[in-house]
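Inspection log for the structure reproduced underneath, given as structure tokens.
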Amino acid sequence: MSNINNKTKKKMLPIGIENFEKMIELDYYYVDKTNLIKELLDNINEVTLFTRPRRFGKTLNMSMLKYFFDINTNKNLFNNLNISRETELCEKYLGKFPVISISLKGVEGLDFEKSQALLIDVIREEACQHRYLLQSDVLDEIDKQRFKNLFLSDTGQDIIEQGLMFLSQLLHKHYNQKAIILIDEYDVPLAKAFDYNYYDQMVVLIRNILH
């Protein structure tokens with residue numbers, strides 16, 4: 001009588017892992033939350049705000065959304081997940097959009113000037129992810145020079161208040177498809193500003209970014 005090994009491979013727990021691609025590719029234990037994508041698309045709005053408590057997986061879900069919509073994504077990440085059963089939805093939305101994704105988690109300066117500088121770094125870093133726009137056959141030289149200014153300009157206020165909007169306009173023009181913008185930990189700069197008494201200044205700045 002042969003021995004039958006009923007043991008299944010144990011997956012690693014994703015302690016501290018908030019990147020969807022890494023979690024799937026390295027086969028970490030993952031609770032499938034891809035139905036959230038269908039819920040969002042069934043109730044589509046221009047702006048959606050997630051207000052769940054801390055440690056409820058908001059950052060991982062934001063990462064999941066990025067990899068689902070991103071025009072340069074690896075579509076195989078979603079094989080065998082719940083959303084893959086929604087074939088028409090996947091054909092229409094999976095890997096179809098340019099995505100801008102930033103986190104304001106690290107924007108926690110002790111004063112307004114420091115937080116402002118950190119915000120500039122965040123926006124410039126995201127712009128760097130789209131450097132291929134400088135080689136675009138669709139964008140003209142004026143567009144490309146303005147894009148370069150996101151890296152070179154000393155006018156920090158303009159970068160903060162106009163950077164994401166301008167980047168989304170360039171992506172729209174390059175791909176002929178509107179961009180999806182994901183902003184994680186949007187409340188961190190406000191919380192720190194409240195703690196260190198520059199809340200009023202930061203409220204105006206964040207309002208202008210989101211506008």
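The values are calculated or read from the model by the stated rules, or taken from the named source; none is laboratory data. Worth saying up front: this structure is predicted, and the values here are computed from it rather than measured. Positions of Cβ are generated from backbone atoms using ideal geometry, with glycine treated the same way; all protein chains shown enter the neighbour counts. To get the accessible areas, we keep the full protein, side chains included, count just its heavy atoms, and leave off ligands, DNA and RNA. Shrake-Rupley method; radii C 1.70, N 1.55, O 1.52, S 1.80 Å.
From the protein chains alone at 1.4 Å, what is the descending order of accessible area for 62, 12, largest first? Mind showing how you got there, number by number?
Numbers: 62 30, 12 105 Å².
Of 62, 12, the descending order of accessible area is 12, 62.
Average accessible surface for the chain: 66 Å² per residue, computed with a 1.4 Å probe over protein heavy atoms with every protein chain in place.
In terms of the Cα gyration tensor, with a ≥ b ≥ c the square roots of its eigenvalues, is region 130-181 rounded because a/c is under 1.5, prolate because a/b exceeds b/c, or oblate?
Details: a/c = 2.47, a/b = 1.34, b/c = 1.84.
It comes out oblate by the Cα gyration axes.
Computed from the C-beta positions of residue 203 and residue 125 and an R0 of 30 Å, the FRET efficiency is 0.80 to the nearest 0.05.
Helix 112-128 and the longest principal axis of the C-alpha atoms of the chain enclose an angle of approximately 60°. Against the chain, whose longest principal axis comes from its Cα atoms, helix 141-152 is set at around 90 degrees.
Applying 1/(1 + (r/R0)^6) with r as the Cβ-Cβ distance of residue 79 and residue 105 and R0 = 25 angstrom yields a FRET efficiency of 0.25. The stretch between residue 71 and residue 148, if pulled fully straight at 0.36 nm per residue, gains 25.5 nm over its current Cα-Cα span. Ligands, DNA and RNA left out, the accessible area of the chain computed with a 1.4 Å probe is 49% carbon and sulfur. Enter the angle in degrees (range 0 to 90, nearest 10) between the Cα long axis of helix 199-210 and the first principal axis of the Cα atoms of the chain, meaning the one along which they spread out most. It works out to around 70 degrees.
Once you have the Cα-Cα distance between residue 50 and residue 141, take 0.36 nm times their residue separation minus that, and quote the gain in nm to one decimal. Walk me through the numbers before you get to the answer.
On the way: separation 91, 0.36 × 91 = 32.76 nm, distance 3.82 nm.
Using 0.36 nm per residue and subtracting the Cα-Cα distance, I get 28.9 nm.
Phi-derived couplings, Karplus 6.51 cos²θ - 1.76 cosθ + 1.60 at θ = phi - 60°, listed residue by residue for region 172-179: 4, 5, 5, 9, 6, 8, 4, 8 Hz, with x used for Gly and Pro. In whole angstrom, note down how far apart the Cα centers of region 117-185 and region 8-46 are. Their Cα centres are 28 Å away from one another. Solvent-accessible surface of protein heavy atoms, probed at 1.4 angstrom with all chains present, puts 29, 175 in the order 29, 175, largest first.
Fully extended, how many nm does the chain gain between residue 11 and residue 158 (0.36 nm per residue separation, minus their Cα-Cα distance)?
Values: separation 147, 0.36 × 147 = 52.92 nm, distance 4.67 nm.
Going from the current span to full extension adds 48.3 nm.
Could you give the size of the charge dipole of the chain about its Cα centre, using +1 on the Cβ of each K and R and -1 on the Cβ of each D and E, expressed in debye and rounded to the nearest 20?
So the dipole magnitude of the chain works out to roughly 980 debye.
3J(HN,Hα) along region 180-195: 9, 10, 10, 10, 9, 6, 4, 8, 4, x, 5, 5, 5, 4, 5, 5 Hz, from the Karplus curve 6.51 cos²θ - 1.76 cosθ + 1.60 with θ = phi - 60°, whole Hz, x for Gly and Pro. Note on the chain: helix-only mean residue ellipticity at 222 nm, from DSSP H runs of 4+ residues weighted -39500 (n - 2.57) and normalised by residue number, equals -15000 deg cm²/dmol. Normalising by the residue count of the chain, find the relative contact order in percent from Cα pairs under 8 Å and 6+ residues apart. It comes to 21 percent, rounded to a whole number.
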